[in-house]
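> What follows is a structure written as structure tokens; I'll ask about it next.
What follows draws every value from the coordinates through simple rules; no lab data is involved. If you're wondering where the values come from, they're calculated on a predicted model, not measured in any experiment. Note: ideal-geometry Cβ built from the backbone for every residue, glycine included; neighbour counts use all protein chains shown.
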Amino acid sequence: MVEVVPIPCFEDNYAYLLVDRAAGETAVVDAPEAEPILAALAERSLRLTALLCTHHHWDHVGGNEALAAAFPGLDVVGLESDAARIPGITRTLDDGADVEVVGLRATCLHTPGHTVGAVCFHVAAKGWLFTGDTLFGGGCGRLFEGSAEQMQASLARLAALSGDTKVWFAHEYTAANLRFAARVEPDNPALRGRYERVRRQRTAGVVTCPSTLAEERATNPFLRWHEPTVIDAARAHGATGDTPTEVFAAIRRWKDTA
């Protein structure tokens with residue numbers, strides 16, 4: 001049986017171990033830095049066999065080379081078009097391609113927006129979605145390279161997955177994201193309830209991952225471009241129309257300066 005273990009890195013990053021305890025093996029989704037991952041592996045007597053990379057930013061691939069040195073033959077996997085920017089990459093995937101890690105099939109979903117080479121990994125058999133910096137708890141990534149149209153389409157693709165899909169995001173931004181979401185939809189009861197739960201979790205030092213896609217669809221303004229309350233908020237912050245892209249773009253611009 002494979003389980004997911006979040007490993008905190010830096011101030012607010014997560015790496016994720018996909019642990020097969022029976023086999024003593026694990027894969028990792030994103031490696032912001034090597035030291036916490038190596039410590040977690042040593043503590044659990046695990047051998048690292050694969051590293052899945054959601055995009056090339058340093059706080060997601062900074063540990064790649066040290067992990068590859070510690071585990072010769074490590075399979076470092078990323079998007080074909082982003083290969084030149086991912087340290088130590090050994091295998092490339094295109095959109096929709098599968099890779100098998102610790103006995104599970106993970107599907108590469110190209111989700112441009114945060115970067116043009118951003119991907120998410122969907123483990124359908126377990127209902128797991130590793131979203132990197134594309135979708136956060138209560139939020140989404142900034143548009144560093146991609147367009148609002150690309151990001152909205154990427155988020156719509158993720159939102160179309162089953163509502164019980166567990167969302168494993170790459171940063172602990174949930175409380176701050178939900179505070180902003182409450183400015184967008186101050187009368188959303190699901191959002192108020194989620195924020196109170198998250199506030200208690202963070203006070204206790206508990207991680208807020210995973211969420212579910214159903215929860216994100218109910219509380220995350222970046223997936224709620226069709227809701228009248230979000231459309232009204234977008235118009236109040238510069239949207240000139242009510243298409244999904246226009247609403248998303250206005251809310252994203254507001255968040256960038258909030």
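> With unit charges on the beta carbon (Lys/Arg positive, Asp/Glu negative), name the residue among G241, V198, P228 whose Cα is farthest towards the positive pole of the charge dipole of the range 177-258.
V198
> Run the dipole for the chain about the Cα centre, Lys and Arg Cβ at +1, Asp and Glu Cβ at -1, nothing else charged, and hand back the magnitude in debye, nearest 20.
Once rounded to the nearest 20, the dipole reads 760 debye.
> Could you give the Stokes-Einstein D for the range 198-238 in µm² per second, using the C-alpha Kirkwood radius, 25 °C, 0.890 mPa s?
After rounding, the answer is 205 µm²/s.
> Out of all DSSP beta bridges in the range 1-142, what portion is antiparallel? Express it as a percent rounded to 5.
70 percent
> Helix 244-257 sits at what angle to the longest principal axis of the chain, using alpha carbons and giving 0 to 90 degrees rounded to 10?
The answer is roughly 80 degrees.
> Give the shape of the chain as rounded, prolate or oblate, defined through the alpha-carbon gyration tensor: a ≥ b ≥ c are the square roots of its eigenvalues, a/c under 1.5 means rounded, and otherwise the shape is prolate if a/b is larger than b/c and oblate if not.
Since a/c reaches 1.5 and a/b is larger than b/c, the shape of the chain is classed as prolate.
> Taking only DSSP H segments of four or more residues, each worth -39500 (n - 2.57), what value at 222 nm results for the chain once the sum is divided by all its residues, to the nearest 500 deg cm²/dmol?
Details: 9 runs with 90 residues, N = 258.
Result for the chain: -10000 deg cm²/dmol, rounded to the nearest 500.
> Which length gain, in nm to one decimal place, applies between T203 and T240 when the Cα-Cα distance is subtracted from 0.36 nm times their residue separation? Present the calculation step by step, with values, prior to reporting the outcome.
Values: separation 37, 0.36 × 37 = 13.32 nm, distance 3.98 nm.
Contour length minus Cα-Cα distance gives 9.3 nm.
> Take F71 and E11, extend 7 Å from each Cα along the Cα→Cβ direction, and tell me the distance between the two endpoints in nm.
2.9 nm
> Which angle between 0 and 90 degrees, to the nearest 10, do you get for helix 148-159 versus the longest principal axis of the chain when only C-alpha atoms count?
Taking the Cα atoms of the chain, the angle to 148-159 is about 70 degrees.
> If I model a spin label at E196 and T257 as a point 7 Å from the Cα along the Cα→Cβ vector, what separation in nanometres do I get?
If labels sit at E196 and T257, their model points lie 3.4 nm apart.
> Can you give the three extents of the C-alpha atoms in the range 1-45 along their principal axes, from longest to shortest, in whole Å?
31, 16, 11
> Now, a different point. Measure nothing but the geometry: give the 0 to 90° angle between the long axis through the Cα atoms of 174-184 and the longest principal axis through the Cα atoms of the chain, rounded to 10°.
Around 20 degrees separate the two axes.
> Per 0.36 nm of contour for each residue apart, how much would the distance between R157 and S81 grow if the chain were fully extended, relative to their Cα-Cα spacing?
So the extension gain works out to 25.4 nm.
> Which order do peptides 234-241, 222-229 fall in by mean Cβ count within 10 Å, highest first? Before the final figure, lay out each step's value.
On the way: 234-241: 15.8, 222-229: 18.2.
The packing order, highest mean first, is 222-229, 234-241.
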